[in-house]
Amino acid sequence: MKHTLSVLLQNKPGALSRVTGLFSGRGFNIESLCVAETLDPKISCLTLVTRGEEQIIEQITKQLHKLIDVIKVSDISEGEFVEREMVLIRVKAEAATRAEVLRIIDIFRGKVVDVSPSSYAVEITGPESKIMAVIDILRPIGIKEIIRTGTIAMARAPKK
Amino acid sequence: MTKMTGAQAIIKCLQEEGVSTIFGFPGGAVIDLYDELLDSDIKHVLVRHEQGAVHAADGWARATGEVGVALLTSGPGATNGVTAIATAYMDSIPIVVLTGQVPTALIGNDAFQEVDIVGITRPCTKHNYLVNDPKDLVPTLREAFYLASTGRPGPVLIDLPKDVVASMVNFNKKKKIKMQTYQPHYDPHPGQVEKACKAIMAAKRPVLYIGGGVILSNAHRELTELAQKLNVPVTMTLMGLGGFPGTDPLSLGMLGMHGSYASNMAVAKSDLLIAVGARFDDRVTGRLDAFAPHAKIIHIDIDPTSISKNVKVDIPIVADCRSALRGMNAWFDNCDTFDPTASKKKHAPWLNEVNEWQEKHPLAYRDNGDVIKPQYVVQMINELTGGDAIITTEVGQNQMWAAQFYKFNEPRHLLTSGGLGTMGYGLPAAIGAKMAFPDKTVIDIAGDGSIQMNIQELATARQWGAKVKVAILNNNYLGMVRQWQELFYNRRYSATPMEITPDFVELARAYGAVGLRARTKDEVVPVIREALETDNVVIMDFAIEREEGVFPMVPAGKATTEMLLV
């Protein structure tokens, strides 16, 4: 089962290494990891996607919480949440396919961010499923390079 | 607010924490601190290898319950301490390790004696720090002592660049430490306490399974009260020995791989396992699906990560063991429907069953004429010290025989590397304990293999008048591995015979200590007696039955009921 964890931690040297070291040392897996400062520059927010049985996820959450630099851990995939990932794809765009690439990018509400005679670099944002769909469609045309940010996620505000 | 050098501030912080003795080894990066030590009243015990310094600080901490302190230089000084830091981490021992570091301007430049010790020790410390800014020095030291000694205790390392120690810092008055990210939870949830007590009331075959947490939280009195009030048998992990009197009729001794027959049977047949400050280690549980298969499980532990890590728990109580046990004792005392006499009566058939197991297969060994049996040596040490000595051990057969045959009645009397299983722990730890309790008898029960891993500390013991006694159970083998090879590898003794072993009696003499040897059974008691009466460091060399094994034994991966017996 896939889980998306949101972790607030002290923005200190070595703090991220404590988190990643915990995963490698205990054999937990990290599918993606995204970190940046919050509004408070002393605190970073880390979004981590991992996979495991309930008991493993419980251990991961507890072990993260035990790290002295960690302020808060929430498994936001337990409730409603929004997740986004951004991808930059350099896709082959020669005379025959240029128009088709643009159409596809348009359908996915992507943007062309770099152009060359033989390729477009495009930017697409969305949940992981959308990113995967774009990749699947562009692959036959020829993907030259791909850079993904990994998932960031936020719990939805309560309805009432 | 007073201005002083970093070195002076560090010494002042140690004094503020009540530190009287530290263990260490100097070097270029910590020379300022050593200079300052000369003018302070803190006793610095110079060891012969940095691993010894950290083990000695650990031995001090286990024996006293206070935070032990070690001081090492940068680079190799720090890395030499790593095994001992990991030892303390696995057993949750409160120590603070101060390491020197190259000046901040040189960090990252592969400077002489530079190593990223904070990176190296990240997974084997409770927390660690590199002090980059002189203004962080004093707060970091205070926080380190606070972290080491509260919650689930553990080692904390502070890396001190030379220029930070030499710079001027402000020394403020100590305030109560409050950390946003660290708030250990001491008090049990009353609802969980009630659930646990009700489960105990309903149980027919309860067993208390206690670990090192009982000792770390000084909960032995509360534990003993609960066990006796309810008339429930108690089994202990290696780390839990002494948490309940080993000579009490309710004590079943140790459980697990080399546990007593009665302990392992009682857990296997129990309908309620009350785990207190224990962590369901693989050496305790054996094959997991066959561990306590009929039992509901109550688990008291201060560390939430210990709960439901290996074994699913029915009633978790996240709390300090002592507070939780107090809560449970109070619940029973205030409960109208609880009657101790009735409880005793109710558990009588269960205790009878347990006693039958004890009588059927007590801890035992076969005598062999004049040949010295290691178990006999431990029994005689127990008898001649009145069961009141502080015993340290190395790791291997010596450790298991000590755990099985010395009856620990008091906590903090067995100092042993349980989690990491560090050979070479016993001698330096004994020195640490002896420095803390100069009037106590402190004996390292050792093997001929493991004693050689830190034998250089004999010089430390001599220099500081730590008159420890070392009992070497000498079989000229790396005995525990040999035993596995005998049982599971067709007697192929690969690399376990110690073909060259020093003459330990002569070796003792070389260090200015006293060496005694026993070759036959009737020499054992006179040797121990003489060692105890000798006002010096003593090595006792017991030439034991070479291929003696530790039994009972649960082969790795088997259920704990599948014991090989004597």
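Structural remarks
- Filter result for B:V232 (among the hydrophobic types (A, V, I, L, M, F, W, C), open to solvent by 10 Å² or more (accessible area, probe 1.4 Å) and touching a His at 6+ places or on another chain (Cβ under 8 Å)): no
- Output for the stretch A:55-82, where each listed residue is among the charged types (D, E, K, R) and assigned to a loop (DSSP other than H, G, I, E, B): A:D69, A:E80
- Residue within the stretch A:44-54 that is part of a helix (DSSP H, G or I), within 14 Å of another protein chain (Cβ to nearest Cβ), open to solvent by 20 Å² or more (accessible area, probe 1.4 Å) and farther than 22 Å from B:D116 by Cβ present: yes
- Close pairs from the stretch A:65-82: first under 20 Å from B:T140 (Cβ atoms), partner open to solvent by less than 40 Å² (accessible area, probe 1.4 Å) and of a type in the set (F, W, Y), Cβ under 6 Å, at least 6 apart: A:I68/B:Y182
- Residues of the stretch B:43-70 classified as open to solvent by less than 10 Å² (accessible area, probe 1.4 Å) and not small (G, A, S), total: 6
- Entry remark, the stretch B:307-336: residues being of a type outside the set (D, E, K, R) and more than 14 Å from chain A (Cβ to nearest Cβ) number 15 in total.
- Condition check for B:S323: small (G, A, S), open to solvent by less than 60 Å² (accessible area, probe 1.4 Å), in a helix (DSSP H, G or I) and modelled with pLDDT under 95: no
- Residue satisfying all of: in the stretch B:296-306; closer than 18 Å to B:V207 by Cα and open to solvent by 10 Å² or more (accessible area, probe 1.4 Å); nearest to the other protein chains (Cβ to nearest Cβ) among these: B:D301
- Residues located in the stretch A:10-32, provided they are of a type in the set (A, V, I, L, M) and either within 12 Å of chain B (Cβ to nearest Cβ) or out of contact with any Phe, Trp or Tyr (no Cβ under 8 Å at 6 or more places or on another chain) (or both): A:A15, A:L16, A:V19, A:L22
- Selection status of B:D541, in contact (Cβ under 8 Å) with a residue 60 or more places away in the chain, assigned to a strand (DSSP E or B) and either more than 30 Å from B:D281 (Cα to Cα) or assigned by TED's automatic domain parsing to the domain that holds B:F488 (or both): yes
- Test for A:V35: is it in a strand (DSSP E or B), open to solvent by 60 Å² or more (accessible area, probe 1.4 Å) and more than 10 Å from chain B (Cβ to nearest Cβ): yes
- Matching residues, the stretch B:433-459, being under 22 Å from B:H413 (Cβ atoms) and either among the hydroxyl-bearing types (S, T, Y) or open to solvent by 20 Å² or more (accessible area, probe 1.4 Å) (or both): B:K434, B:M435, B:A436, B:F437, B:P438, B:D439, B:K440, B:T441, B:S450
- Counted residues, the stretch B:263-276 - those being closer than 23 Å to B:L325 by Cβ and open to solvent by less than 10 Å² (accessible area, probe 1.4 Å): 9
- Matching residues in the stretch A:68-103 - criterion: being touching a helix residue (DSSP H, G or I) at 6+ places or on another chain (Cβ under 7 Å), under 22 Å from A:R156 (Cα atoms) and within 14 Å of another protein chain (Cβ to nearest Cβ): A:V73
- Exactly one residue out of B:T501, B:T496 is free of Cβ contacts under 8 Å to residues at least 40 places away in the same chain and either at positive phi or within 28 Å of the chain's Cα centre (by Cα) (or both), and it is B:T496.
- Each residue in the stretch B:173-219 was checked for being of a type in the set (V, I, T) and touching a Ser or Thr at 6+ places or on another chain (Cβ under 6 Å), and 1 of them qualify.
- Qualifying residue in the stretch A:60-67 (condition: away from chain B (no Cβ under 14 Å), open to solvent by 10 Å² or more (accessible area, probe 1.4 Å) and among the hydroxyl-bearing types (S, T, Y)): no
- When the test is whether a residue is away from chain A (no Cβ under 14 Å), among the polar types (S, T, N, Q) and open to solvent by 10 Å² or more (accessible area, probe 1.4 Å), B:T83 passes it.
- Taken together, the residues in the stretch B:451-478 that are closer than 24 Å to B:I528 by Cβ and in contact with a Gly (Cβ under 6 Å, 6 or more places away or on another chain) amount to 5.
- Only a single criterion out of (1) under 30 Å from B:E66 (Cα atoms); (2) assigned to a strand (DSSP E or B) is not satisfied by B:A433, namely (2).
- 2 or more residues closer than 25 Å to B:S167 by Cβ and in contact (Cβ under 8 Å) with a residue 40 or more places away in the chain: qualifying strands (runs of 3 or more DSSP E) within the stretch B:10-73: B:21-24, B:68-72
- Within the stretch B:313-349, the set of residues being among the polar types (S, T, N, Q) and more than 25 Å from the chain's Cα centre (by Cα) comprises B:N329, B:N334, B:T337, B:T341, B:S343.
- Residue that is among the aliphatic types (A, V, I, L, M), out of contact with any Lys or Arg (no Cβ under 8 Å at 6 or more places or on another chain) and more than 14 Å from chain A (Cβ to nearest Cβ), where the choices are B:A166, B:A199, B:A144, B:A203: B:A166
The values are calculated or read from the model by the stated rules, or taken from the named source; none is laboratory data. Bear in mind that the values here come from a model prediction, so they are computed numbers and not experimental data. Cβ: placed from backbone, ideal geometry, glycine included. Neighbour counts: every protein chain shown. Each accessible area value is taken on the protein alone, full model and side chains, heavy atoms only, with ligands, DNA and RNA left out. Shrake-Rupley method; radii C 1.70, N 1.55, O 1.52, S 1.80 Å.
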